[in-house]
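A.B. asks: This is the structure I have questions about; it appears just below.
The values are calculated or read from the model by the stated rules, or taken from the named source; none is laboratory data. The structure displayed is predicted, hence computed values, not measured ones. Here Cβ is always computed from backbone atoms with ideal geometry, including for glycine, and neighbour counts include all displayed protein chains.
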Amino acid sequence: MIKLGVMGCGNMGGALLRGWAAAEELRGRVSLLAYDCCMERCALEGVNPAASAAVLAAQADVLVLALKPGQIPAALREVASCLKPGGLIISIAAGLGLKPIKESAGGGNPAALVLPNTPARVGRGVFGICLDDPALKEEQRRLTLDLFAALGQTLVLPESSLNAFSALMGCGPAYIYYFLDALTEAGVCLGFSREEAARLVLALCAGSTALAEQSGQPLPLLREQVCSPAGTTIAAMNKLDREAVRGHIVDAVLAAFEKGKVLSTLI
């Protein structure tokens, strides 16, 4: 039985623990441990609380760091002497590279980087996974992929591509919610109640995404299929294009990418 420990049980750490506890493919293979400075957060079904960060580090075959990026180096230095020899360290913090993680842990443990996004809370996450550390054993690479594949989709990336992944996919849910909120507001302007508009917009998003996934057709073609000649939809598309909405969306993602580069130098 692999002992999987999570340090930090906030929004993302708690989501990972709940997802792993519910994952049928991990049942009987993984036991879950957790530590948080607020121990009430560790009171999750299927999760065993650790008495301290040091106890968690000593027991975990895999230690997942679900802390803020600036907290991780100090947390690792605090438990470095307790880490299980050869045990795997996984950081899910954006902007923190392999080098500071391994150095803070004393250099004796292999490490992997995983960037999640918030849909992991409902088993629909997308995870960018960096397995560049040459100290990783093959079984540790497979285990890392298996753990996060149980919570969504995985993509193996070099460390140099993680900031780009974060700008597109880590920030991505906020872009989607921004657009959905705008559509909801439009619905209210058209006379729907806010509750009705929100329900309709969420159904629109779910149905459109399902169609795109199942049809396998390119997104521009799916869009064109809605745009009848001289119709209402093409009028709306032309308005968006005149306002350069597509370019502004691209610029927003690139702004997140540039900000990520700046933040990574500050950690």
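A.B. asks: Can you find a residue that is part of a loop (DSSP other than H, G, I, E, B) and more than 30 Å from residue 96 (Cα to Cα) anywhere in the range 234-252?
C.D. replies: Yes - at least one qualifying residue is present in the range 234-252.
A.B. asks: Conditions: (1) over 24 Å from residue 122 (Cα atoms); (2) buried (at least 21 other Cβ atoms within 10 Å of the Cβ). Residue 74 meets all but one. Number of the miss?
C.D. replies: Only one criterion is unmet by residue 74, namely (2).
A.B. asks: Can we say residue 225 is at pLDDT 95 or above and in a helix (DSSP H, G or I)?
C.D. replies: Numbers: at pLDDT 95 or above: yes; in a helix (DSSP H, G or I): yes.
Yes.
A.B. asks: So which residues in the range 15-41 are without any contact (Cβ under 8 Å) to a residue 40 or more places away in the chain, in a helix (DSSP H, G or I) and surrounded by 20 or more Cβ atoms within 10 Å (Cβ to Cβ)?
C.D. replies: 17
A.B. asks: Ok, one more. Taking the range 43-64 as the search range and keeping residues that are closer than 21 Å to residue 122 by Cβ and of a type in the set (A, V, I, L, M, F, W, C), which one is surrounded by the most Cβ atoms within 10 Å (Cβ to Cβ)?
C.D. replies: Keep residues of the range 43-64 that are closer than 21 Å to residue 122 by Cβ, which gives 43-47, 64.
From what's left, of a type in the set (A, V, I, L, M, F, W, C): 43-44, 47, 64.
On the way: 43: 11, 44: 17, 47: 22, 64: 27.
Looking at the filtered set, the residue picked out is 64.
A.B. asks: Against the condition out of contact with any helix residue (DSSP H, G or I) (no Cβ under 6 Å at 6 or more places or on another chain), among the hydrophobic types (A, V, I, L, M, F, W, C) and either not assigned by TED's automatic domain parsing to the domain that holds residue 134 or not in a helix (DSSP H, G or I) (or both), how does residue 72 come out, does it pass?
C.D. replies: Here the answer is no, as residue 72 does not meet what is asked.
A.B. asks: Here is a follow-up. Can you list residue pairs whose Cβ atoms sit under 9 Å apart, with the first residue in the range 236-250 being assigned by TED's automatic domain parsing to the domain that holds residue 223 and the second being part of a helix (DSSP H, G or I) and aromatic (Phe, Trp, Tyr)? Count only pairs 6 or more apart in sequence or on different chains.
C.D. replies: Every condition considered, the pairs that remain are 249/175; 249/179.
A.B. asks: Of all residues being of a type in the set (A, V, I, L, M) and without any contact (Cβ under 8 Å) to a residue 40 or more places away in the chain in the range 48-74, which is farthest from residue 136 (Cα to Cα)? Just the residue, please.
C.D. replies: 51
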